[in-house]
Amino acid sequence: QKVAGQVDAQDVPKLEVHFPLCMKNLATVLKKEHHLKHDGRMQFGLFLKGIGLPLEQALEYWRMAFIKMNDEEFKKGYAYNIRHNYGQEGNRKNYSPYGCEKIIHSSTGGAGQHHGCPFKNFSPDRIRAEVRAQNATVTNSEVEELVGLVTAKHYNIACSKYFELTHPPSAPQSGPTALTEPITHPNQFFELSYKFSHT
Ligand code: SF4
């Protein structure tokens with residue numbers, strides 16, 4: 001079943017279960033703070049475009065998310081950028097969602113900045129907590145294997161391991177879910193996760 005092109009603003013929260021950690025983190029911050037800074041909006045907004053959220057629905061999604069803002073403020077400060085990401089303003093370039101390489105190497109660390117790759121930016125304890133929150137039956141050695149990949153700076157392999165640990169097979173005796181390709185793009189993570197639970 002194909003997702004792309006079929007996603008409405010109100011579908012996004014239901015699909016969060018398939019988001020990679022970088023996008024889950026931005027979605028969580030957005031819900032909590034009703035705002036994201038520019039880099040976070042670009043990273044998350046283009047990802048949402050990639051999962052099939054069309055422009056009109058993207059405008060609705062962000063308008064609902066920025067609940068504390070009035071219409072005028074939203075229109076002036078944000079709607080232009082959203083349309084720009086969809087090639088409807090300025091140079092009319094049709095922007096693609098960011099891949100892991102770009103996200104991992106993006107500069108982060110400023111106050112209130114939440115974009116970037118969590119496997120690079122989160123502490124080992126936070127990674128431990130995130131994976132346990134997704135799969136309560138994960139073993140200590142599995143968690144430590146993931147943390148080892150993080151501390152060795154193998155962020156893509158860590159993300160692939162995270163996918164495997166958070167998508168356990170329905171029959172445990174069949175062994176862990178093994179990816180045939182490493183995660184190199186957040187939208188690839190999403191597609192694989194969506195397929196995993198719909199096949
Ligand atoms: Fe996101 Fe890629 Fe980092 Fe995974 S490795 S969390 S998909 S940026």
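The values are calculated or read from the model by the stated rules, or taken from the named source; none is laboratory data. Here the structure is a predicted model, which means the values were calculated and not measured. With ideal geometry, Cβ positions are generated from the backbone for all residues, glycine too; neighbour counts draw on all protein chains shown. Side chains are part of the model used for accessible areas, which takes the heavy atoms of the whole protein and leaves out ligands, DNA and RNA. Shrake-Rupley method; radii C 1.70, N 1.55, O 1.52, S 1.80 Å.
Couple of notes before you dig in:
- Selection from the stretch 90-125 of residues that are among the aromatic types (Phe, Trp, Tyr) and more than 21 Å from residue 29 (Cβ to Cβ): 95
- Scope the stretch 109-119; condition in contact with a Lys or Arg (Cβ under 8 Å, 6 or more places away or on another chain) and either farther than 14 Å from residue 36 by Cβ or within 15 Å of the ligand (Cβ to nearest atom) (or both); matching residues: 113, 114, 115, 118
Residue by residue, here is whether (1) open to solvent by 80 Å² or more (accessible area, probe 1.4 Å); (2) in a loop (DSSP other than H, G, I, E, B); (3) at pLDDT below 95 holds:
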position	(1), (2), (3)
106	no, yes, yes
109	no, yes, yes
112	no, yes, yes
125	yes, no, no
128	no, no, no
137	yes, yes, yes
143	no, no, no
148	no, no, no
157	yes, no, no
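- All positions within the stretch 159-176 that are part of a loop (DSSP other than H, G, I, E, B) and either at pLDDT 95 or above or open to solvent by less than 20 Å² (accessible area, probe 1.4 Å) (or both): 167
- Any hit, the stretch 28-41, residues being closer than 23 Å to residue 191 by Cα and in contact with a Phe, Trp or Tyr (Cβ under 6 Å, 6 or more places away or on another chain): no
- Taking the numbered list (1) part of a helix (DSSP H, G or I); (2) modelled with pLDDT of 95 or more; (3) hydrophobic (A, V, I, L, M, F, W, C) in turn, residue 196 passes all entries but (2).
- Residue 168 in contact (Cβ under 8 Å) with a residue 24 or more places away in the chain, out of contact with any Cys (no Cβ under 6 Å at 6 or more places or on another chain) and more than 28 Å from residue 96 (Cα to Cα): yes
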